[in-house]
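The values are calculated or read from the model by the stated rules, or taken from the named source; none is laboratory data. Please read these numbers as outputs of a predicted model, since none were measured by experiment. Methodologically, a virtual Cβ is constructed for each residue, glycine included, from the backbone with ideal geometry; neighbour enumeration extends over all protein chains shown.
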């Protein structure tokens, strides 16, 4: 794992000019070039309004086109759609992939039992109470008004799942 200092000093991908005034914008995805083994960055072409045109290319850190022969670096399931529960939080596959990526983690399934059915002071009741207090504070302080009021936002789905 990289240290924070080495991450900050590492050169980051930038926008590059394309045809007809369009720009190539980094999407945040990385790949490994199959022939050279170099780390490459996925770029999407965006027009003057900032909308993606659909074209994608892989370039190295200097913006040199690397061609299409790339192997996408695998992203863990807990960060992708298949590891997330549509009703909020992570599903079992997401939790297992998180534990694999973070050895020693004690992440466990959500406490979805209704508060009236939980024994007061039990381990599950205390976990639920702690989660609700922590996430309620995050919703209050760290989200925009739009996200806080959106019933389909991830934070609101998680709070509903935990019966907060």
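Listed conditions (1) assigned to a helix (DSSP H, G or I); (2) surrounded by 12 or more Cβ atoms within 10 Å (Cβ to Cβ) are all met by residue 111, apart from (1). Could we say that residue 145 is exposed (fewer than 13 other Cβ atoms within 10 Å of the Cβ) and either over 20 Å from residue 84 (Cα atoms) or outside the structural domain of residue 87 (by TED's automatic domain parsing) (or both) here? Against the criterion (exposed (fewer than 13 other Cβ atoms within 10 Å of the Cβ) and either over 20 Å from residue 84 (Cα atoms) or outside the structural domain of residue 87 (by TED's automatic domain parsing) (or both)), residue 145 qualifies. For region 137-149, indicate whether the set of residues that are in contact (Cβ under 8 Å) with a residue 12 or more places away in the chain, part of a helix (DSSP H, G or I) and closer than 15 Å to residue 164 by Cα is non-empty. Yes: region 137-149 contains one or more residues that are in contact (Cβ under 8 Å) with a residue 12 or more places away in the chain, part of a helix (DSSP H, G or I) and closer than 15 Å to residue 164 by Cα. Scanning region 74-94 for residues that are under 17 Å from residue 151 (Cα atoms) and surrounded by fewer than 15 Cβ atoms within 10 Å (Cβ to Cβ) yields 86, 87. Among the residues of region 56-66, none qualifies, meaning not one is modelled with pLDDT of 60 or more and closer than 19 Å to residue 164 by Cα. None of 105, 97 is farther than 16 Å from residue 164 by Cα, part of a loop (DSSP other than H, G, I, E, B) and not assigned by TED's automatic domain parsing to the domain that holds residue 164 except 105.
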